[in-house]
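Data block below; observations after.
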Amino acid sequence: MTLARAEQAKDLAYTSPARARRLAEPLVDGDAETASVALHALGMASSAVGRLDEAERHLRSAISVASRAGLVVRAAQARGSFGYVLTLTGRTSEALRALEVVPDEIDGVSAARLRMQRALVLTEIGRFEEAAEGFAAALASNPGDPLLEATIRNNRGLLRAHQRDWRGAEEDLAAAERSYVASGHRGRTAMVFHNRGVAFAARGDVPAALAAFDEAAARYEAAGRNPGLLPIERAEVLLSVRLVAEARSAAAAAVAEFARQRNAVDLVQARLLLARVALVAGDPAAALVEAVRARRSAVRQRRPGWAAFAAYLALRARWEMAAAQASAQPLVEVPSVSLRSARRVVEALSREGWVVAELDARLILARLALDMAAAGLGGGARSVLAQASPRAGNPCISTYSAPPTRSSRSGRALLAVARAELTTVAAAASTGPAELRARAWHAMALLRLADGDVRGAEAALRSGVDVLAAFRDGLGATELRAHASGHAAELVATGMRLALTQRRPAAVFGWAERWRAGALRMRPAKPPDDAQLAEDLAELRQVVADPKQLRRQAELEQAIRARARHATGIRSVEPTPSRKALAAALGDHALIEYIESDGHFHAIVFANRRMWLHELAPADVIQREVEALRFGLNHLAHRMGSERSRKALEERVNQSAARLDKALLPPLEETPLVVVPTGALHALPWPALPSRRTRSVTVTPSAALWLRAATAATEPGRKIFAAGPGLEHAVPEVAALARRYPEAERFTGRRATTTNLLDRLDGAELAHIAAHGKFRSDNPLFSRLELADGPLTVYDLERLGRPPSQVILSACEAGTSGIRPGDELLGLAAALLALGTRTLIASLVSVPDDTSKALMLRYHRGLARGLDPATALAKAQRTWADAAFQCYGASSPLVQGN
């Protein structure tokens, strides 16, 4: 009976470790066999919750007790689990010795389990062919134990994912899940979903990977099990879509946790992830520290695969640090990274099968050769790309120098090295994951530039951007799409430099539009568990106002973000707008699209069917003026300080506005403007500029989005007016405005709920909402409007089938957006424009409640006179507070006839 309970504890160790511990602990003082099995169970349970020191101690005791009693089979069984724990603590050679030979006395289930455990160790150290043979032998020798077969298949599923055998991996994992459930070990299905997530991530299916990882996390928690590498692998997926802050936090936490556990094997991967995150975040010094530590540990553990990858990250970190240091003197050879060391890294990566890392290391090797050739030219002719060389902080684009007229033997040799490496990388342009293909196209562009083929280089860069666009568009969640745009930064920056250097306005415009706000051109996809998402949003509205429920609010927000990320996207992006289509839609308007390249602003102006390019001021100068203007506007709008201080502040605001006007706007007199900002200019209240006061200006994330909105068909429809709680003037504002529109629907007091409003907003022609607004800089998708039942967030808006054609948000900060690379915007305004709202009136800064009513009355009077929204707003603006509101999207008159 006691032996049976010990066996039961061992079976439950990975399903319910706490229960296994309770069963096993009273049995360690029993007879030798019972004690050995109980200690084995305790070791497995400790391993399941991450207490590896404790696991090792119990398993050593189990082996010792069984060996002294001559229990060969029990000793071998415990040695199998001991070998796995040794692997987790980095002692893989010792682990393989422990599992090397299956004793003759052992057969059946025990022999099959030992073979499986050895194959698992081989998988951990990257010896995949041997591991596959071991798993096949384990399955062949299993006499029919369903739990063991499930475990073998679950582990082999992960191996097959590493081998990119997607169908085989899913077949094994599905069989393992069925067997675990059938044998009553549902808790072990967490491992199946974990491995599914790894497989989906390797395939590049981010939504499916996140869904599998989230399900695995829930099942690990329900079983009381340690999730092992799950946080690391999930963070790697987040990093693949450039969710850098979240990935860095997870990586740092994992490093601390694995160090506490003395889990040396997983600590290597955690440090490598932290190094990768630091590189993406622009912190190569921190990346170098973590990569060097990880490499030392991997070498000690005799894990050449991870050692090679760590060496690659160290190479990239050193190269980026050296390139940033040398950027002020672009023809100075970088001494800290040698061709020889880079070649050693390439060879190691090739040997260990790191395909993407190998190609990136080859790119680094080629760029080093090009830079060294340039350093030896001493004033030789420089190429187009060299003339547009990167500034500090962006060393990812090589400064290529053309061969001099009097070339040296060493210079020709270096160029030959670069050409050979770039040719190798370019050969991967049609295969592999998106990241690999994009880097290959980048290499092809550099190779064509080396041959003087600028047009061919631009075509290669465009192909690389298209590859990454397809990857981004496969994501359904707005958040993931917006962050994933950062992947194309190098390609677009290179193309933009080429176009700017050659002073080609049409080419500059094409590069600006190719990647700008691309995520906003697609509707967000609904996640598969949309009903649960709606329930979480409803609960969030209930708890958000209660300061005692901050923890629950955070949990709900995390659940909402996670579910939204599970959505899968469909590619449906409008192409870059043609000049002919833009000219026809613009009419007498002028479009100004701003570009930031290497720390300077430029502007493309398109008016009267002509396009021309302006070089503007340095970006840091413009940013300081924008910040000063916003600061002053906010203080003047809220009438802060004494009358004397306000007058002084008003003078400074006027000066900042005048300087920005002169720096940013060409003399277009009365011409109505369509403005496409970039970077810091997204925060600029354009109506505050002197030349735009009382004159029409419309702000849009991209020319493509403006064209879509300007040419969309409109029909008469519902007019919705709503007032949120806590604003003294909101209800009078809504009441006064609603009287202007026959059959207007009014929502005030308890009727002004998110549920009521969302139902009537769908398909409406006009919606005017006066409410408290709040922009969430930590997560713009939780920016909100306060209604009677709680906040209306971006996630709520994204559930609309068809948003109102025109939306007026008489609320603070409703026009503010979080800005991501590629001018991807996140926030209330961005969400409405992405969904298809044609025109949005919203404020960029906080405005007093009592000032907006008069502005809104004047604005709607202008609409009634037939003015378009941008003109109506411009004519209505009279105070500094009014200048905080601006027109977004496209401006067209309200449809009459309702």
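The values are calculated or read from the model by the stated rules, or taken from the named source; none is laboratory data. Remember, it's a predicted structure, so these values are computed and weren't measured experimentally. Counting neighbours? That spans all protein chains shown, and the Cβs are built from the backbone with ideal geometry, glycine included.
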Set E715, E670, E733, E651: member being acidic (D, E) and closer than 23 Å to K853 by Cβ
E733
Go through the range 239-275 residue by residue and tally those that are within 27 Å of Y84 (Cα to Cα), assigned to a helix (DSSP H, G or I) and touching a residue at least 12 places away in the same chain (Cβ under 8 Å).
21
Please specify each residue of the range 74-96 satisfying the condition of being farther than 19 Å from V28 by Cβ and not small (G, A, S).
Y84, L86, T87, L88, T89, R91, T92, E94, L96
Positions within the range 424-472 being part of a loop (DSSP other than H, G, I, E, B) and either touching a residue at least 40 places away in the same chain (Cβ under 8 Å) or not assigned by TED's automatic domain parsing to the domain that holds G518 (or both), in sequence order:
A428, G432, P433, G452
Filtering the range 793-810 for residues that are touching a strand residue (DSSP E or B) at 6+ places or on another chain (Cβ under 7 Å) and of a type in the set (K, R) leaves a count of 0
Given (1) buried (at least 21 other Cβ atoms within 10 Å of the Cβ); (2) modelled with pLDDT under 85; (3) closer than 25 Å to F258 by Cβ, where does Q77 come up short, assuming only one miss?
(3)
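For E233, indicate whether it is in contact with a helix residue (DSSP H, G or I) (Cβ under 7 Å, 6 or more places away or on another chain), part of a helix (DSSP H, G or I) and within 28 Å of A281 (Cβ to Cβ). Even if it seems obvious, please write down each step before you answer.
Working: in contact with a helix residue (DSSP H, G or I) (Cβ under 7 Å, 6 or more places away or on another chain): yes; part of a helix (DSSP H, G or I): yes; within 28 Å of A281 (Cβ to Cβ): yes.
Criteria met by E233.
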Every residue in the range 272-307 that is under 21 Å from E347 (Cβ atoms), of a type in the set (G, A, S) and crowded, with 20+ Cβ neighbours inside 10 Å, please.
A275, A291, A294, A298, A307
Filtering the range 713-726 down to residues that are of a type outside the set (D, E, K, R) and either crowded, with 21+ Cβ neighbours inside 10 Å or part of a helix (DSSP H, G or I) (or both) yields I720, F721, A722, A723, G724
Report yes if some residue within the range 357-365 is assigned by TED's automatic domain parsing to the domain that holds E421, small (G, A, S), modelled with pLDDT under 75 and out of contact with any strand residue (DSSP E or B) (no Cβ under 9 Å at 6 or more places or on another chain); otherwise report no.
no
Looking for something of a type in the set (K, R), assigned to a helix (DSSP H, G or I) and either surrounded by fewer than 24 Cβ atoms within 10 Å (Cβ to Cβ) or over 47 Å from the mean Cα position of the chain (by Cα) (or both) - is there at least one such residue anywhere in the range 31-53?
no
Out of the residues in the range 132-187 that are over 36 Å from the mean Cα position of the chain (by Cα) and on the phi > 0 side of the Ramachandran plot, which is surrounded by the fewest Cβ atoms within 10 Å (Cβ to Cβ)?
G144
Qualifying residue in the range 345-352 (condition: modelled with pLDDT of 65 or more, not in a helix (DSSP H, G or I) and not polar (S, T, N, Q)):
no
Yes/no for Q877 being crowded, with 20+ Cβ neighbours inside 10 Å, of a type in the set (S, T, N, Q), over 20 Å from L766 (Cα atoms) and at pLDDT 90 or above
yes
Residue under evaluation A730, criteria (1) farther than 22 Å from A771 by Cβ; (2) assigned by TED's automatic domain parsing to the domain that holds T871; (3) surrounded by 19 or more Cβ atoms within 10 Å (Cβ to Cβ), criterion not met
(1)
Looking at the range 839-868, I want the residues that are without any contact (Cβ under 8 Å) to a residue 40 or more places away in the chain and have a partner that is among the hydrophobic types (A, V, I, L, M, F, W, C) with Cβ atoms under 7 Å, at least 6 apart or on another chain. Which pairs are those?
L855/A876; L855/F885; R858/A876; G862/A872; G862/A876; L863/A872; L863/L894
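Given the options A190, A199, name the one that is free of Cβ contacts under 8 Å to residues at least 40 places away in the same chain, in a helix (DSSP H, G or I) and outside the structural domain of L468 (by TED's automatic domain parsing).
Details: A199 fails: free of Cβ contacts under 8 Å to residues at least 40 places away in the same chain.
Just one listed residue meets the conditions, A190.
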Just give me the residues in the range 193-219 being touching a His at 6+ places or on another chain (Cβ under 8 Å) and crowded, with 21+ Cβ neighbours inside 10 Å, in sequence order.
P207, L210, A211, A212, F213, A216
Looking across the range 528-545 at residues that are in a loop (DSSP other than H, G, I, E, B) and in contact (Cβ under 8 Å) with a residue 60 or more places away in the chain, the single one that is surrounded by the most Cβ atoms within 10 Å (Cβ to Cβ) is V544
Out of all the residues in the range 679-695, which are of a type outside the set (G, A, S) and either closer than 15 Å to L844 by Cα or under 33 Å from the mean Cα position of the chain (by Cα) (or both)?
L681, H682, L684, P685, W686, P687, L689
Report yes if A254 is touching a Pro at 6+ places or on another chain (Cβ under 7 Å) and not assigned by TED's automatic domain parsing to the domain that holds L52, otherwise no.
yes
What residue, among those in the range 730-757 that are within 40 Å of the chain's Cα centre (by Cα) and part of a loop (DSSP other than H, G, I, E, B), is farthest from D796 (Cα to Cα)?
T748
The one condition G90 fails out of (1) surrounded by 20 or more Cβ atoms within 10 Å (Cβ to Cβ); (2) in a helix (DSSP H, G or I); (3) at pLDDT below 80 is (2)
